[in-house]
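Structure first, commentary second.
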Amino acid sequence: RFSVVQTAPPDSILGLTEAFNADPNPDKMNLSVGVYKDESGKTPVLKSVKEAEKRLIDSETSKGYLSIDGMVEYREDVRRMVFGDAIAGERVAVLQAPGGTGALRVAADFMRTQLPDLRIWIPTPTWANHPAIFSAAELPTSTYRYLGADRTSLDLPGMLEDLRENAATGDAVLLHGCCHNPTGIDPSEDDWKQIAKVIADKQLLPLIDFAYQGFGDGLEQDAVGLRTVLEQVDEAIVCTSFSKNFGLYSERVGAISLVAADAGECEAARSQLKRIVRTNYSNPPRHGGAIVATILADESLTALWKEELEAMRTRITALRESFVQTMESTGKGYDFSFLLRQKGMFSFSGLTPMQVDELKSRHSIYIVGSGRINVAGMSESRMQTLCDAVASVMS
Ligand code: LMR
């Protein structure tokens, strides 16, 4: 019976890492998947994480199941990190989830089953897995303009017009809380105010994907957009990931936070979210959440983690600068200075699918087909090689 099964295409992001792993070229470079690498090309385990794990080995007494919504301390940590004092705790239902993707799928299932007339508006472009998750959950999607015609800035008028004119009152809108994936282009604080106003006027439900908190300008600064929106509306869903800011990629550590108008509505929504979790993966994995809770319960570990996070952020900024300068120094008039205005791991290079293909086939340099480059995967020692290759496919 399996003869009827057709081969699916490889994943547009993770499929490239599979191809990269199979590439025999010793000089290959993987700038596709959003994973931070240090100068030696490794994705390190943070020192704060290692220390927390040591403590957990000594203190852990049981591998019994967590509750459906996860660890209490962890949920409280997420609530504080995402919302600060902006929202009363009784209006927020936080559920620990297996990564940002797990949280998004729970959110999509919740919207599809509990808010059946709703359609979600997603930016063009967005993370390739967003439409895939919504389609898997059978949640209808439409797109709003995000990337400007110059492909280096935000099309704010287009975005506002699409949400104001085309979205129906009460629809949902997907926003990237910070470090927009794949473009690295974020709204300014003033842009966020205008976005928040349209969301409030049209009573849209914001679904905020918050996977890069701390990778833009800092933990608190990166929450400004989300909190600006929440000043205007009393309902929202936030999907958190700690893959990047704690470097816990493979531990699958995330959360879904639902903000409701009052405590009663919040509890009803929580009960439905729990039902979705129970029929999907039953309850979340413990280890990654326990690491985060251990770090955040200890002042010195928290301070160490914040230092390590800042070091990652600062290194990415330095790599952006170095890439721009090295491209300029090729003397062929390549101006990539727009990268300096972009935030987080990614930038939209402007390379065409053909150039991306050439980078792969001629230089074993892997970037996503859309032209998205993972700046956090670059290294200073190989910058010249990278820029020479980019220049060669552009000429
Ligand atoms: C990315 O966009 O590369 C990351 O969010 C990793 C992933 O799962 O795609």
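Every number in this text was worked out from the coordinates using simple rules, so none of it is lab data. Model, not experiment: these values are computed from the prediction. For neighbour counting, all protein chains shown are included, and Cβ atoms are generated from backbone atoms with ideal geometry for every residue, glycine included.
Work out how much length residue 1 to residue 149 would gain on full extension: take 0.36 nm times their residue separation and subtract the Cα-Cα distance, in nm to one decimal. If you can, show how the numbers build up before the last one.
Details: separation 148, 0.36 × 148 = 53.28 nm, distance 4.84 nm.
That pair, residue 1 and residue 149, stretches by 48.4 nm at full extension.
Arranged by the count of other C-beta atoms within 10 angstrom, fewest first, what order do 43, 326 take?
43, 326
In the chain, the longest principal axis of the Cα atoms and the axis of helix 47-59 are about 40 degrees apart. Here the gap between residue 335 and residue 23, fully extended at 0.36 nm per residue and compared with their Cα-Cα distance, gives a gain of 109.3 nm. Taking other Cβ atoms within 10 Å as a rough exposure proxy, 387, 178 sort from fewest to most as 387, 178.
Where both partners of a DSSP beta bridge lie in the chain, what percent of those bridges are antiparallel, to the nearest 5? Mind showing how you got there, number by number?
Working: 16 of 34 bridges.
Percentage antiparallel, nearest 5: 45.
As an exercise, take the mean of 1/r over every pair of distinct alpha carbons in the chain, invert it, and state the Kirkwood radius in angstroms.
On the way: mean 1/r = 0.0457 Å⁻¹.
Computed over the chain, the radius equals 21.9 Å.
A cut-off under 14 angstrom between Cβ atoms defines the neighbours of residue 264, and their net charge, with Lys, Arg +1 and Asp, Glu -1, is -4. Pairwise Cα distances in region 65-296 exceed 26 Å for 31 percent of all pairs. In a simple Cβ point-charge model (Lys, Arg +1; Asp, Glu -1; nothing else charged), region 281-395 has a dipole of about 300 debye relative to its Cα centre. In this structure, the amide hydrogen of residue 33, modeled 1.01 Å from its nitrogen in the peptide plane, lies closer than 5 angstrom to no residue at least 5 positions away or on a different chain. Between the helical axis of 189-201 and the longest alpha-carbon principal axis of the chain there is an angle of about 40 degrees.
For the pair residue 268 and residue 73, label points projected 7 Å from Cα toward Cβ lie 3.5 nm apart. With a simple spin-label model that places each label point 7 Å from the Cα along the Cα-to-Cβ direction, the separation between residue 392 and residue 193 comes to 5.0 nm.
Arranged by the count of other C-beta atoms within 10 angstrom, fewest first, what order do 119, 80 take? Write down the numbers at each step before the final one.
Details: 119 17, 80 12.
Least crowded to most crowded, the residues run 80, 119.
Within the shell defined by Cβ-Cβ distances under 15 Å, the residues around residue 343 carry a net charge of -3, with Lys and Arg each +1 and Asp and Glu each -1.
Calculated [222 nm] ellipticity per residue, helices only, for the chain: -13000 deg cm²/dmol; basis is -39500 (n - 2.57) per DSSP H run with n ≥ 4, divided by all residues, nearest 500.
Convex hull over the Cα atoms of region 244-395, averaged projected area in nm²?
Details: hull surface 52.4 nm².
Mean orientational projected area (region 244-395, Cα hull): 13.1 nm².
For residue 147, the amide hydrogen comes within under 5 Å of the amide hydrogens of 124, 155, counting only partners 5 or more places away or on other chains and with H modelled in the peptide plane.
Relative to the dominant Cα principal axis of the chain, helix 263-278 is inclined by about 60°.
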